1. Looking for whichever is within 16 Å of B:Thr221 (Cβ to Cβ) and either free of Cβ contacts under 8 Å to residues at least 24 places away in the same chain or β-branched (Val, Ile, Thr) (or both) here; the options are B:Ile149, B:Ile179, B:Ile161, B:Ile139. Which one fits?
2. So, in the range A:66-87, exactly how many residues are of a type outside the set (A, V, I, L, M), modelled with pLDDT of 95 or more and touching a Leu at 6+ places or on another chain (Cβ under 7 Å)?
3. Here are A:Pro145, A:Pro164: which of them is touching a Phe, Trp or Tyr at 6+ places or on another chain (Cβ under 9 Å), exposed (fewer than 15 other Cβ atoms within 10 Å of the Cβ) and closer than 27 Å to B:Gly243 by Cβ?
4. Residue pairs, Cβ under 7 Å, 6 or more apart or interchain, first in the range A:142-168 and within 11 Å of chain B (Cβ to nearest Cβ) and within 13 Å of A:Ala179 (Cβ to Cβ), second in a helix (DSSP H, G or I) and polar (S, T, N, Q). List them.
5. Looking only at the range B:184-223, which residues are within 15 Å of B:Ala80 (Cα to Cα) and among the β-branched types (Val, Ile, Thr)?
6. How many of the residues in the range B:212-228 are in a helix (DSSP H, G or I), within 11 Å of another protein chain (Cβ to nearest Cβ) and surrounded by fewer than 23 Cβ atoms within 10 Å (Cβ to Cβ)?
7. Return the residues of the range B:18-66 that are within 13 Å of B:Gly243 (Cβ to Cβ), within 13 Å of chain A (Cβ to nearest Cβ) and of a type in the set (Ser, Thr, Tyr); say none if nothing qualifies.
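The values are calculated or read from the model by the stated rules, or taken from the named source; none is laboratory data. Not measured: the values here are computed from a predicted model. As a convention, Cβ positions derive from the backbone with ideal geometry for all residues, glycine included, and neighbour counts pool all protein chains shown.
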Amino acid sequence: MSVLTSSAALPGRRSLKSVAWRSWVTGALFVAPALALFAAFALAPTIAVIEYSFLKWDGVNPERQWIGLANYTKLIGDRIFWQALSNTLQWSAIIVVVNVGLGVGLAALLARVGRGRTFIQTCFMVPVVIAPITAAIIWRWLYQPDGAINLILEGLGLGTLSRPWLGDPEVVLPALAIAHCWTSLGLSIVLILAGLQAVDEDLYDAAALDGANPWQAFVSVTLPAIRPVVAVVVILTATGAFKGFDLIWAMTQGGPVRSSELLATYMYKRGALENQYGYGAAIAVALLVIVTVAMALYSYLQSREQH
Amino acid sequence: MALARSLAVPRAALMSLGVLMVAPTALTLFTALKPASEASTPWSIPSALTFDNFLRVWGEGGFSVYFWNSLVISAVDAVAMIVLASAAAYGLVFIRFPGKGIIRLAFLSGLMVPAAAIVLPLYSSMRRLDLVGTHLSVILADVALALPIFVFLFASYFVKIPGALHEAARTDGAEEWQIYWTIVLPISRPVIITTGLLEFLWSWNDLLLRLLLLPEEQTRTLAVGLLFFQGAQTRDITALSAGAVIMALPVVILFVLFQRHFVQGMTAGAVK
């Protein structure tokens, strides 16, 4: 029986078609559960947030009012929005610079250390795996007026530098960025280290033959070779910083007086706490645009690199 | 000799930096073990070490409930992610059917969407489905948002499996689901472990989604529980430290045990 119905017994278009049809169904069955979940709870909300940004809506009331671009014109005139945007960019810039600068330097040192490397790497990775909220509790305590950081400064005779780190509008943003770097530097080092280990040893030998000292070899061999992985670290830490919420929310909630307000915290306050869904969504769209532009810029630069 | 000396300096410097990186966590653990009345300075030596703070937050603080909630959500997240992402990647890599390009593109676009940008509509969908306050709502959102990363992680592993293996199984008359289950999954252990660990970690650590979707005390996870505990008990630093340690300890232990898998996964995920 089965021989008769198999494709060998019935050559021609019909059986081929049925094979194709069966393979289509099987393929769909494998992909459908994931795709459905992704479409319903990731893709649809992304489209919906754009739709919301044209509405005046409290998020609860069935009545939603279409107000066109009003949320965006309001956004452009909103001083707090611009401050949140500028804070987000400053905070991201500090985080990227520290991650790349210290990341490259420490990874280059770590690459030369054989014994003890695993121990050092583990030390740097522990802050990466603990939650932002845990990091927030630890750093709030360190930054307290009578906390460890001020005590150390006084112990070193630098008491004039001590201050209420999270209560001072001048320093709160860099202080928070340092706490964030504590949770991100380990991963940057590990990534750059992986890039360093892929560098061709022969290039160093060639540089040594040319009489290059270690610093010249680093500049002429190492840096060009790890540029792609550094680009990855830049984009990874930048997007991680742009969408930062947990750490800031748990440490300052954007304060004092908005000096650590980020786009994500401002969106949360307007949208979720004050039930201004339309306006919150407009802030979210701004966030979405920044992340997408950053990613697009990154893939453009990468594709240019390859050609 | 010269080489040994030239390495000794960077090694010593890196070791001290490493210790400095761990110091805040270690001080927190130390504080959690102090009697509540002796927390004046971070490094003051306590008269005795005690588990009192842990018992206090675990019982009165409600952390036993939070811990259980976190564990359930993160474990279900990890298993669901392994099943869904591996199946989708299998379909995309091994089975020929039309529309694959579009599906790939859809997942690719999902790589860029930050959760923070879409929490408002996500919350309204969950409210319409009457799921706010349930663990299911968090699980659905977690898995949906991180799916693209893990689909690509599995797919990049599957494309390295020789196509001949799949062809041979097909000609032997095996069904696709049999090949997936008995041939492909067993040889994919490294990605399965990496996926499970990373998804567990991200789920365990997330705050924002849980803050919105789990408003009631009995359903809170550790992240939300800690946030509210911090708000209520800011002066009680030993109890707060104990809470932070309860949240950090499981993932730090997992990390130390499976460091290689974590690092590989994070590296692969980042480079993709």
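1. Matching residue, one of B:Ile149, B:Ile179, B:Ile161, B:Ile139: B:Ile139.
2. Number of matching residues: 2.
3. A:Pro145
4. Filtered contacts from the range A:142-168: no entries.
5. Passing the criteria: B:Val191, B:Ile192, B:Ile193, B:Thr194, B:Thr195.
6. Total meeting the criteria: 3.
7. Across the range B:18-66, the qualifying residues are B:Thr28, B:Thr31, B:Tyr66.
For every residue, the table says whether it meets (1) assigned to a loop (DSSP other than H, G, I, E, B); (2) modelled with pLDDT under 90.
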| residue | (1), (2) |
| --- | --- |
| A:Trp249 | no, no |
| A:Gly255 | yes, yes |
| A:Ser259 | yes, no |
| A:Tyr266 | no, no |
| A:Arg270 | no, no |
| A:Gly280 | no, no |
| A:Tyr298 | no, yes |
| A:Ser303 | no, yes |
